[in-house]
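Q: Sharing a structure with you now.
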Amino acid sequence: MKSEEILNEALRVLKEGGTILYPTDTVWGLGCDATNPEAVARIFEIKKREDSKSLVLLASDLDMVAKYVREIPSIAVDLVEVNDAPMTIIYPEAQAGEPGAPGDRWHLAHNTVAEDGSVGIRIPLDSSSPAPTGRPTLWCRQLVYKLGRPVVSTSANISGEPTPQRFSDVPQEIKDAVDFVVPPSVDTQSTGKASQILKVGLKGEIEIIRK
């Protein structure tokens, strides 16, 4: 399959509520439509992880982030604009659906959000353009851009096991469990390293969760 065909197949699976194994900007990850609670629940099942834990999401740009959080703190805008490495920002007050409610593309699935109502979102950086603006070229960001809503991005491992830095590190159990596996031949810019994580507050507070 050509890269465009692979992208279209991944999109089809996401739109139908399925799960995928795909290369993110950092490591190989498990993904699904972040507005579909049933799909998100399946991700937890595959990872054998407690669903009380929140998940990191990928967005294509700040405009997409703004649709799913009540407010973007100004400090977060500054961080995104100057950032030159993978960075996940935990935003307060996610716009999430109620537990048990069906999927709604204008609200994040309730099971992507932390108990305090926050949500971690990363905008993948294109190597050709550090600022996350314009039409994306990075494969995983293209995927999110074309889907039009955030995609779950959690490491493709059983909870507690090592994070897979390469496709060959992903357990066969994971590969067999998802609905679509993106071939490792896809041109990617994965770093093989986890992103830094920062938590921001509406008043400009910053907490470093992971450097």
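The values are calculated or read from the model by the stated rules, or taken from the named source; none is laboratory data. This structure is a prediction, so every number in the text was calculated from the model and none was measured. No Cβ is skipped: glycine too gets one built from the backbone with ideal geometry, and neighbour counts run over all protein chains shown. Ligands, DNA and RNA are stripped out before the accessible areas are found, and what is left, the full protein with its side chains, is counted by its heavy atoms. Shrake-Rupley method; radii C 1.70, N 1.55, O 1.52, S 1.80 Å.
Q: Which members of the range 112-122 meet the condition of being touching a residue at least 60 places away in the same chain (Cβ under 8 Å) and open to solvent by 20 Å² or more (accessible area, probe 1.4 Å)? Give the derivation first.
A: The first filter runs over the range 112-122 and keeps only residues touching a residue at least 60 places away in the same chain (Cβ under 8 Å), leaving 112, 114-115, 118-122.
Across the range 112-122, the qualifying residues are 114, 115.
Q: Condition first: more than 24 Å from residue 168 (Cα to Cα) and not in a strand (DSSP E or B). Can you find one or more residues in the range 44-51 that meet it?
A: As a first pass, look at the range 44-51 and keep what is more than 24 Å from residue 168 (Cα to Cα): 50-51.
Then keep just the ones that are not in a strand (DSSP E or B); that gives 50-51.
Yes, because at least one residue in the range 44-51 is more than 24 Å from residue 168 (Cα to Cα) and not in a strand (DSSP E or B).
Q: Restrict the check to the range 16-36 and report whether at least one residue is in a helix (DSSP H, G or I) and among the aliphatic types (A, V, I, L, M). Steps first, please.
A: Residues of the range 16-36 that are in a helix (DSSP H, G or I), as a first pass: none.
The answer is no, given that none of the residues of the range 16-36 is in a helix (DSSP H, G or I) and among the aliphatic types (A, V, I, L, M).
Q: If I go through the range 37-55 residue by residue, how many of them are open to solvent by less than 60 Å² (accessible area, probe 1.4 Å), modelled with pLDDT of 95 or more and farther than 15 Å from residue 21 by Cα?
A: Matching residues across the range 37-55 total 2.
Q: Additional query: Restricting to the range 161-183, count the residues that are open to solvent by 80 Å² or more (accessible area, probe 1.4 Å) and either farther than 30 Å from residue 117 by Cα or at pLDDT below 95 (or both). Full working, then the answer.
A: Quick first cut of the range 161-183, residues open to solvent by 80 Å² or more (accessible area, probe 1.4 Å) only: 161-162, 165-166, 168, 172-173, 176, 179.
Okay, now just the ones that are also either farther than 30 Å from residue 117 by Cα or at pLDDT below 95 (or both), so 161-162, 165-166, 168, 172-173, 176.
Total meeting the criteria: 8.
Q: Pairs, please: C-beta under 8 Å, at least 6 apart or cross-chain, first residue under 17 Å from residue 151 (Cβ atoms) and in the range 1-14, second buried (at least 19 other Cβ atoms within 10 Å of the Cβ) and charged (D, E, K, R)?
A: 14/33
Q: Still on this model: Looking at the structure I just gave you, is residue 105 open to solvent by 10 Å² or more (accessible area, probe 1.4 Å), in contact with a Lys or Arg (Cβ under 6 Å, 6 or more places away or on another chain) and part of a loop (DSSP other than H, G, I, E, B)? Please lay out each step first, then the result.
A: Values: open to solvent by 10 Å² or more (accessible area, probe 1.4 Å): yes; in contact with a Lys or Arg (Cβ under 6 Å, 6 or more places away or on another chain): yes; part of a loop (DSSP other than H, G, I, E, B): yes.
Against the criterion (open to solvent by 10 Å² or more (accessible area, probe 1.4 Å), in contact with a Lys or Arg (Cβ under 6 Å, 6 or more places away or on another chain) and part of a loop (DSSP other than H, G, I, E, B)), residue 105 qualifies.
Q: Quick check on the range 188-209. Is at least one of its residues over 30 Å from residue 74 (Cα atoms) and either outside any loop (DSSP other than H, G, I, E, B) or in contact with a helix residue (DSSP H, G or I) (Cβ under 8 Å, 6 or more places away or on another chain) (or both)?
A: Checking the range 188-209: at least one residue is over 30 Å from residue 74 (Cα atoms) and either outside any loop (DSSP other than H, G, I, E, B) or in contact with a helix residue (DSSP H, G or I) (Cβ under 8 Å, 6 or more places away or on another chain) (or both).
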